[in-house]
Amino acid sequence: MRRTKKNIKQFPDTELLIQYKKSKNNKYIGILFERYGHLVYGVCLKYLKSVVESQDATSVIFEKVMVDLLRMDVKNFKSWLYRVSTNHCLMQLRKKKPEGIENISELEYKLKDNYNSEDIFIKESKLKNLEEAIKKLKNEQQQCIDLFYLKEKTYDEVANLTGYETKKVKSYIQNGKRNLKLILTENDS
Amino acid sequence: MSRKKNIFESSTPLTKEEMDAYLKGDMSQADKYQLEQKIAGNEFNSDAMEGFESTPVAMKGFNELENQFHGNLPRKAASKFWRFEFSFILIISIAIGLYFIGYHFLDQIDLDEIKFDESKLTMQINTDSSSTAITIQPIEELDDKEIEDATPLEESKQLTSDRIIFNAPLIIVIDSTFNGTDKIDSAILLINEEKEIINSELDDKKEITEVNTKNVIRSNVGTLFLSRLLVVDYTDIYTKEITVPDFELTGTTADKENKSDNGANELAVNTYTQKITYLDFLQKVQSKFRRNKFKDALKDYRTILIHYSNDVNAHFYMALCYFNINKQKKAIQHFDRVLNHQFNTFHEEAKWYKAMSLHELGKISRCITILNEIANENGFYAKKADEMLNNI
């Protein structure tokens, strides 16, 4: 009755990838699916706007993941999977132009800029310039970043205080963050 | 500075449960803010959440997908080389390979981690004519730390001992003196009365499922009540005593006596094992369950299963404990053991609670299948199953 096997659900992603490459056992993919399947599906829903298409897309993405992981050296699984997912959605949308035109531009922008919140490391010393950087943002982005991060208000509270729709608030925060990173890393390159 | 740093803090992936709770709006303002930080901290999280928010039936769609994915996932990934160029060799190899690796191969794969409803496949009946015992592969239980670390379901969702009692059917023993209709009627009166009496003593009143003549369950084995909870009476079957660790705090240790160091104040802990009858031990465990000490009770049921791996009492109450600490996959494994058990005492209850467990796990289509079965069987939980089906 004593446990002899480690609980693989506790393994970090990197360990699961190593074990999967070594054993080719799909149980490791099963754990990764439990960890990220809903996120991949959610991303597909956002761009494809259809439950059935998103179900199919998620299955295809994980089938691709199973094959690609055996031949590729993936360092940051989460970021990689996000890119694989957005890339797949972009291809699907291109196939069914013009309905997906609006989302295509957003996805292309994301993929072109290689944007991912974890890909860009902000040096500690740069944070002292943060206040100056925030001031350079557009007014609505400034407001939302200030209320959400510095005053710790929820999305709905920010929406109530500013009069913007909640959806807009989220967008201002995301775009504001992206711009802040660009401003703070401008001089590094 | 710390709040500013939050802007660029990378967040961990949102779990399905977190997304579900957020979508339902079922959280405090502080929790909501924490989760929104997590959402905003990573574009994967924020895109996914946006997708779910844009489609009301999204979570249901994902649950279906999850079932399909786990159901269709082959155990081993096959490369194109093997699939397309050497398929014939592969078939021959598999045939030979299976012969040699047999059980060893199966043992290496932790099926529970991917597809949890495997208990039916592992059951083997021992055909030894001298014994009716069933040999079953043990379920891989959580260890003490995993149990302690588990986050219980919120109290309103838990199957507390009161709720178990109030939702219990009348279970009578076949061939007992209860065979007469009058006696069954008076037993029904008694059980309903008892439920009302216990409920009247409680501050927060629970919903009571009343027993009637149509839904009395006939157990094929003797039963008794311990701490007002029904158990199968194994008194004549389990005669072997159970060995349990026992701890005792005694006085100052001998080597520290008459010394002025700090250790002189420490108490010595003596550890020894204690032998106890099955019934006495079960009585103690049921008392813990009755007081809703699910984590403690769970560890003790584990001890019972070490000695008596097919004990239906341990499987049933352990499943409820796992349910309450929100380890639904484990709960379902134990409910399946109860459902496949030769003693039918807890069959209806196990099926009903398994449906709840599947629901909690988000396995809605499987939950609906079981609820339909319960409703069609017209047993004790049929009405409740109908109600639940209407609400899903």
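Provide the net charge surrounding residue B:374, with neighbours chosen by a C-beta distance below 12 Å and charges set as Lys +1, Arg +1, Asp -1, Glu -1. For residues surrounding residue B:374, the net value is -2.
In terms of overall dimensions, the C-alpha atoms belonging to region A:124-188 reach 37, 17, 15 Å along their principal axes, ordered largest to smallest. Averaged over the residues of A:46-52, the number of partner chain Cβ atoms lying within 10 Å of the residue Cβ comes to 4.
The length gained by stretching the chain between residue A:138 and residue A:60 to full extension, at 0.36 nm per residue less their Cα-Cα distance, is 24.2 nm. If R0 is 25 Å, the Cβ-Cβ spacing of residue B:389 and residue B:155 corresponds to a FRET efficiency of close to 0.50.
For the segment A:153-160, counting C-beta atoms of other chains within 10 Å of every residue's C-beta and taking the mean gives 3. Most tightly packed first, judged by the mean number of other beta-carbon atoms within 10 Å of their residues, the peptides B:211-223, B:161-173 read B:161-173, B:211-223.
Inter-chain Cβ neighbour count for B:50-62, averaged per residue, equals 6 (cutoff 10 Å, partner chain atoms only). Projected over every direction and averaged, the convex hull enclosing the alpha-carbon atoms of region A:19-88 yields 4.3 nm². Volume per residue of the convex hull around the Cα atoms, evaluated for region B:2-66, comes out as 85 Å³.
Only the coordinates and a few stated rules stand behind these numbers; no lab work does. Model, not experiment: these values are computed from the prediction. Don't worry about glycine lacking a Cβ; one is built from the backbone with ideal geometry, like all the others, and counts go over all protein chains shown.
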